[in-house]
Amino acid sequence: MRRPIARAVTGALGLVSAAAAALVAPATATADRVIVGGEPVEVADTPWVVALSSRDRFGGMRAGQFCGGVVVAPTKVLTAAHCLSSDVLGGAPEDVTDLAVIAGRTALTGQGGQEVGVAGTWINPAYEPATNAGDLAVLTLKSALPSSYVLATAGPGDTAYTPGTTASVYGWGDTTGNGTYATSLRAARVQVLEDAACERAYPGNAKGDYQAATMLCAGDPQGGRDACQGDSGGPLVAMGRLIGLVSWGSGCGEAANPGVYTRVSAVLPDPLPVSASRS
Ligand code: ARG
């Protein structure tokens, strides 16, 4: 299947390797739409969106941003498990000593908000890298964020999962499908789609294997609005609640290939797990 990538996997100097670049989704017909098909937002209005950062691994130009995350408790941030894979980080999360989340900063080039170190990581033991089933990890922060940053999570049976529901996805990822990473936070309006739409697009072929038990299908039936590379781990929000995390897709913004998200209600443990601590 198509391997998801966070940002293009980079070396210690933040240079995009040829091998990683080959994994980046090709440009699409909607490549000039700018997430893709979105609009700028201020993190002050959506304080639960955070950037995952390592300047050691991804360079300082965009404050080391490589994935998104979402605050679900003052010291807990959810992200995608694949964001912490060695494909993305070039090693174990424990070896990324400057792993941090950036909260309260709209533009990665700015100084606002705060950077908080990651004290521990928990990767869903049921996560399957081959299919991305169960793509969820929990970060425990070294210090607490304001409780006003916390976003509520949807539980099983939440009406926000009803197909047709309007949802928004947030991130600092690729705005074109060509590797044009945003420096400022963006959001795109998509809708929750029937599982059948993703089962058709991703029947377990080279494009992917959609598994409704742990995945959620969302996008724009006309195409054009979607998450893209670098948005992984970031939130999909409907009715004021977290329903998904950006996980994978084929291309970006293609009508026939919706975005696939982690189904938070099915994968998030309750209570939140205790993360293994980092030295
Ligand atoms: N795997 C990508 C990442 O790590 C997210 C891709 C989402 N793609 C999509 N078409 N919705 O950033």
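The values are calculated or read from the model by the stated rules, or taken from the named source; none is laboratory data. Everything quoted here is computed from the prediction, not taken from an experiment. Please note: Cβ atoms are built from the backbone with ideal geometry, for glycine as well, and neighbour counts cover all protein chains shown.
Odds and ends about this structure:
- Only one entry in Ala160, Ala187 is closer than 25 Å to Thr106 by Cα and not basic (Lys, Arg), namely Ala187.
- Some residue of the stretch 136-153 being within 24 Å of Ala197 (Cα to Cα), touching a Ser or Thr at 6+ places or on another chain (Cβ under 6 Å) and of a type outside the set (Val, Ile, Thr): yes
- Screening the candidates Ala206, Ala213, Ala218, Ala255 for the property of being surrounded by 24 or more Cβ atoms within 10 Å (Cβ to Cβ) and over 23 Å from Ile102 (Cβ atoms) yields one hit, Ala218.
- Checklist (1) over 16 Å from the mean Cα position of the chain (by Cα); (2) crowded, with 18+ Cβ neighbours inside 10 Å; (3) not assigned by TED's automatic domain parsing to the domain that holds Gly253 applied to Ala144, failing item: (2)
- Total residues in the stretch 229-272, condition under 9 Å from the mean Cα position of the chain (by Cα), in a loop (DSSP other than H, G, I, E, B) and within 6 Å of the ligand (Cβ to nearest atom): 4
- When restricted to residues that are of a type in the set (S, T, N, Q) and closer than 17 Å to Ala213 by Cβ, the stretch 241-279 contains 3.
- Unmet criterion (only one of (1) in contact with a Ser or Thr (Cβ under 8 Å, 6 or more places away or on another chain); (2) modelled with pLDDT under 95) for Gly173: (2)
- Scanning the stretch 108-131 for residues that are under 23 Å from Ala144 (Cβ atoms) and part of a loop (DSSP other than H, G, I, E, B) gives Leu108, Gly110, Gln111, Gly112, Gly113.
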